[in-house]
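Beneath this line is the structure, given in structure tokens, with notes to follow.
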Amino acid sequence: MKVCLVEDDLTLGRSLQAVLQDGGHDALWVRRVADARFWFDEQRPDALLLDLGLPDGDGLDLLRHVRQHDRQMPVIVITARDGIEDRLQGLDSGADDYLVKPFVGAELLARLRAVARRAGLGGEDDSGLWTARDLVLDEKRRRVTRAGVPVALSKTEFELLATLLKFTDRVLTRRELEVRALPGSDGHALDVHMANLRKKIGEGYIRTVRGVGYAVEP
């Protein structure tokens, strides 16, 4: 997998590039927002590992640029900013995961594998099936069943459910859902589609986290 590492610290950058290469990835390491943006626009990597405090700007600006052009690319923020507001801002800006420094290389590789699977980069054995108890979403066949019975969803409802099922390990903010499943819509549209989705699949699958967003019940 081609991975773009954006990290301005020389020692950490060399170390993380070596970890990625040892993990079987083609890792390009850059230290500036401008270089990362150029590489993204010209060669489009498979995944992005992004520090936030960079010499020529904030990594969040680069993240927003990436999400304007690619809603599916796995992006992991790697940063020393460990406050809850920092985490929410990173996730709300489009990051798939948020890893606080210091961390070990094995954890980074594990999280990279996880976000890659969600984006459909899991290899030939990836079935494209996403489940929550008796609810099954078949991404390749664009089908949803509950206890073996087909559930008819609109295109937007399908994308909304698929997004939620791919991130069962955390809460998705309203903004994340809008960017991934309802591009160009407003908050009212999300409420309408979420209500319709819940009616069709039944109660007990999607949990509202007040003031933050939604999550699929494990």
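The values are calculated or read from the model by the stated rules, or taken from the named source; none is laboratory data. Since we're looking at a predicted model, the values are computed, not measured. We place every Cβ from the backbone using ideal geometry, glycine too, and count neighbours over all the protein chains shown.
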Does at least one position in region 147-155 carry a residue that is buried (at least 17 other Cβ atoms within 10 Å of the Cβ) and not assigned by TED's automatic domain parsing to the domain that holds Glu42? yes
Based on what the data block shows, is Thr168 among the polar types (S, T, N, Q) and over 17 Å from Ala195 (Cβ atoms)? yes
I'd like to verify a number: residues in region 5-18 that are surrounded by fewer than 18 Cβ atoms within 10 Å (Cβ to Cβ) and outside any helix (DSSP H, G or I), how many? 2
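Does Leu165 satisfy the condition of being touching a residue at least 12 places away in the same chain (Cβ under 8 Å), farther than 18 Å from Leu91 by Cα, outside the structural domain of Gln68 (by TED's automatic domain parsing) and hydrophobic (A, V, I, L, M, F, W, C)?
So Leu165 fails the test.
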Wholly within region 125-218, which strands (runs of 3 or more DSSP E) include no fewer than the required count, namely at least 1 residues that are more than 23 Å from Ile84 (Cβ to Cβ), under 18 Å from the mean Cα position of the chain (by Cα) and at pLDDT below 85? 129-132
Within region 168-180, of all residues that are in contact (Cβ under 8 Å) with a residue 24 or more places away in the chain and among the charged types (D, E, K, R), the one surrounded by the fewest Cβ atoms within 10 Å (Cβ to Cβ) is Asp169
Please name all residue pairs, on different chains or six or more residues apart, with Cβ atoms under 8 Å, provided the first residue is in region 102-114 and is surrounded by fewer than 15 Cβ atoms within 10 Å (Cβ to Cβ) and the second residue is of a type in the set (S, T, N, Q). Gly105/Ser15
